[in-house]
1. I need the full set of residues from the stretch 136-166 which are assigned to a helix (DSSP H, G or I) and within 19 Å of T254 (Cα to Cα), in order please.
2. Out of the residues in the stretch 301-346 that are part of a helix (DSSP H, G or I) and without any contact (Cβ under 8 Å) to a residue 12 or more places away in the chain, state the one that is surrounded by the fewest Cβ atoms within 10 Å (Cβ to Cβ).
3. Out of V184, V190, which single residue is part of a helix (DSSP H, G or I), modelled with pLDDT of 55 or more, aliphatic (A, V, I, L, M) and surrounded by fewer than 12 Cβ atoms within 10 Å (Cβ to Cβ)?
4. From G223, G234, which residue is under 12 Å from Y324 (Cβ atoms) and in contact (Cβ under 8 Å) with a residue 12 or more places away in the chain?
5. Against the condition β-branched (V, I, T), crowded, with 19+ Cβ neighbours inside 10 Å and either under 22 Å from V248 (Cβ atoms) or in contact (Cβ under 8 Å) with a residue 12 or more places away in the chain (or both), how does V392 come out, does it pass?
6. Taking the criterion of being modelled with pLDDT under 90 and surrounded by fewer than 18 Cβ atoms within 10 Å (Cβ to Cβ), would at least one residue in the stretch 65-73 satisfy it?
Amino acid sequence: MAPVTRGWMSLFTLAWLGIWLAWLVPIQLALPEQLEHVDPGHSVRDFGIVNGAVGIVAIVSLPVVGALCDRTRSRFGRRRVWVVIGLAVFAGGIALAGLMPTWWLIGTAWVVGSVGYNILSAALAAVVADQVPERQRGLASAAMYGPQAVGILVGILAVTGLSDLGRYLAIALALVVCVIPWLVRQRDVVPASGAPSVAIGDVFRTMLVDPREDPDFAWGFAGRLLVNLGNALGTTQLLFFLRDGLEVEDPDGTLLSVLLVYLVFTLVATWMAGVLSDRSGRRRVFVAWAAGLSASSGALLAVAPSLETTYVAAGLAGAGYGAYMAVDQALITAVLPSGEDRAKDLGIMNIGSAGPQAFGALLAAGLISWTGGFSLLFWTSAVVAVVGTWMVYRIKTVL
């Protein structure tokens, strides 16, 4: 497999910048504030319900779309077709969310948009397994996950002061502008000859992965699920924590500055971990360090919640999550059960990323409502990250 060029990697990074901006800015800012506008006093509950629905849809759509992507044969390629479909559905769902007058219609539009996000992420993750050699996969993982914090920061800066509709339209436009350049340049790898079955029964049968036959795949999935859940618990309610827990005077402005700290540490850790992991050929040790940093972030906020410790915790969480995601994607591509079903297998694996973002918000809302505070939420975040790391260390075929 020939190395990919710097130009390809740069456009791939730009595409993921647009995807993370479009996915995370609504979760961190646009959705919570819009829900507060249309249903005052119930926004935490509404946000949890909406994200729970997104999680259910992700569990179904990610592996199904992946399986169909593996089976697509067209003159436009199999991955590019699904990138176009995902881009259209994602951008359309985002724009619709800004037009909706009630919380459940907003949620419905966001669920539609999330399907587009799932399609995009399944197709683009498969491209790494298709085209990027093992020695560059740490760098490719950094290209995928490094732009997360940049997307949040740039997106929040761009939509500050806009109306709810203006925010969503700007986000949808940024998504399209960022993905199109990579899409134009991308050329799919030609799949093996022959047209595989697309019968529903056959597609669903390919989704069955026996953990006894592929234990490393199972441990990798479990580890990704829990580490992402720990991160989601620590971040998805950040605006509510600043507003209701710490009662800061300007929660929106404070959120932006906290995310700036998160951004700097995420960027440094992501690229350093990706490059060092490629050079050393080791993956699991970086996961261990990353989860330790993430766990200490949650513990710090649980023990000493204040604005000052929030900034410290943001740095720890950013470094931990950035290092983890830079290495995890490279690790995961090494334990896929089948070379012919990469998009499907990665779609299953990506449930471990998308599901916690959705169900994490619902679980976090429940923990906050149950205790009336945020301490248990942050302790849970820390413990879950540690357990997830232990599961990654159960993988035997990756150093």
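The values are calculated or read from the model by the stated rules, or taken from the named source; none is laboratory data. None of the values given here were measured: they were computed from a predicted structure. Note: ideal-geometry Cβ built from the backbone for every residue, glycine included; neighbour counts use all protein chains shown.
1. Answer for the stretch 136-166, where residues must be assigned to a helix (DSSP H, G or I) and within 19 Å of T254 (Cα to Cα): Q148, A149, V150, G151, I152, L153, V154, G155, I156, L157, A158, V159.
2. Filtering first and then ranking leaves E308.
3. V184
4. Only one candidate qualifies: G223.
5. yes
6. yes
So that you can scan it fast, the table gives a plain yes or no per residue for (1) among the hydroxyl-bearing types (S, T, Y); (2) surrounded by fewer than 24 Cβ atoms within 10 Å (Cβ to Cβ); (3) in contact with a strand residue (DSSP E or B) (Cβ under 7 Å, 6 or more places away or on another chain):
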site	(1), (2), (3)
G92	no, yes, no
G98	no, yes, no
L105	no, yes, no
W110	no, no, no
P133	no, yes, no
G138	no, no, no
S163	yes, yes, no
L169	no, yes, no
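Per-residue answers, yes or no, for (1) surrounded by fewer than 19 Cβ atoms within 10 Å (Cβ to Cβ); (2) modelled with pLDDT of 85 or more; (3) of a type in the set (S, T, N, Q); (4) in a helix (DSSP H, G or I):
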site: I19; (1), (2), (3), (4): no, yes, no, yes
site: W23; (1), (2), (3), (4): no, yes, no, yes
site: I27; (1), (2), (3), (4): no, yes, no, yes
site: L31; (1), (2), (3), (4): no, yes, no, yes
site: V44; (1), (2), (3), (4): no, no, no, yes
site: N51; (1), (2), (3), (4): no, no, yes, yes
site: G55; (1), (2), (3), (4): no, no, no, yes
